[in-house]
Amino acid sequence: MPNICIHDKIFTPFLNAHIIGEKVDALARQISQDYAGKKPLFIPILNGSFIFAADLFKKITIEAEICFIKLASYKGTRSSGQVITAIGLDIDLFNRHVIIVEDIVDTGKTLSAFLPQLIHQQPASLKIAALLLKPAATQFPVTVDYTGFSIPNKFVLGYGLDYNGLGRNFAEIYELLEQ
Ligand code: 5GP
């Protein structure tokens, strides 16, 4: 696979479509096994997770539901600080087995700010599936229960992930070529 140029930056191939596909299949097998009889509710976070979530969900072999959400962040009052709300979450989480689906967990800030709101709804369980995890970037405590790949602390795109709006449509994942 050749390097690609997106906006002003060069990206080099990092994970090919075959390797990603095998990993997604393995995650789906594991989740299907772990959640048999529990009718889990998948909650993918848009936009970045749309391709991962679709590929993962296609391979789930048990009864399951899916509800895509988008997070909106705004400055709250001084005491509440940054507030994150979920747009599109129209299913009651009470007593449900919830699996958040993320493209990438970087610092962990987004999820650590958002998860308490979900926990407030008293789901029966709450776990996180992330295709990519950057362990070296972690600043906020988030436990990722199903990880595709642990990757170095580099900017990546493709397979749903973008750089300033572009690059989501690549079937492979590329990393930024530092020059
Ligand atoms: P966190 O809150 O964990 O720092 O960041 C999570 C979000 O930041 C991800 O859902 C993703 O949208 C974005 N992000 C973090 N690292 C990368 C990266 O390497 N590439 C891209 N395209 N987005 C990233």
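Dipole of the chain (Lys/Arg Cβ +1, Asp/Glu Cβ -1, origin at the Cα centre): which of N164, I66, S112 lies farthest to the positive side?
So the residue we want is S112.
With each label point set 7 Å from Cα along the Cα-Cβ vector, what nm distance links V83 and Q30?
Result: 3.7 nm between the two label points.
Which residue, T12, L41, A26, has the largest displacement toward the positive end of the dipole of the stretch 1-57 when charges sit on each Cβ (Lys, Arg +1; Asp, Glu -1)?
Result: L41, furthest along the dipole toward the positive end.
With every protein chain left in place, what is the accessible area per residue of the stretch 37-141 in square angstrom, probe 1.4 Å?
With all protein chains present, the stretch 37-141 gives 52 Å² per residue.
Once each part is reduced to its C-alpha centroid, what is the distance from the stretch 37-67 to the stretch 143-170 in angstrom?
17
Share of the stretch 1-126's accessible area from carbon and sulfur, percent, 1.4 Å?
Heavy-atom surface of the stretch 1-126 belonging to carbon and sulfur, 1.4 Å probe: 53 percent.
Helix-only estimate, please: 222 nm mean residue ellipticity of the chain, summing -39500 (n - 2.57) across DSSP H runs of length 4 or more and dividing by its residues, to the nearest 500.
-7000 deg cm²/dmol
How tilted is helix 17-34 with respect to the longest principal axis of the chain? Cα atoms for both, answer in degrees (0 to 90, nearest 10).
10
Expressed as a rounded percentage, what relative contact order does the stretch 61-153 have, with Cα pairs under 8 Å and six or more residues apart?
Computed value for the stretch 61-153: 24 percent relative contact order.
Distances longer than 22 Å among the Cα atoms of the chain: what percent of all pairs is that?
47
Can you give me the C-alpha center-to-center distance between the stretch 13-27 and the stretch 82-98, rounded to a whole angstrom?
Measuring centre to centre over Cα atoms gives 29 Å.
If R₀ is 41 angstrom, what is the calculated FRET efficiency for the pair Q121 and N164, using the beta carbon separation as r and rounding to 0.05?
In this case the efficiency is close to 0.75.
So for the chain, averaging the separation of alpha carbon pairs under 8 Å that are six or more residues apart and normalising by length, what relative contact order in percent results?
Relative contact order comes out at 24 percent.
Can you list the HN-Hα couplings for the stretch 96-113, worked out from phi with the Karplus curve (6.51, -1.76, 1.60; θ = phi - 60°), rounded to whole Hz and with x for Gly and Pro?
Those phi angles translate into 8, 8, 9, 10, 6, 10, 10, 5, 8, 10, 9, 7, x, 4, 4, 5, 5, 7 Hz.
The values are calculated or read from the model by the stated rules, or taken from the named source; none is laboratory data. All of these numbers come straight from a predicted model, not from anything done at the bench. With ideal geometry, Cβ positions are generated from the backbone for all residues, glycine too; neighbour counts draw on all protein chains shown. To get the accessible areas, we keep the full protein, side chains included, count just its heavy atoms, and leave off ligands, DNA and RNA. Shrake-Rupley method; radii C 1.70, N 1.55, O 1.52, S 1.80 Å.
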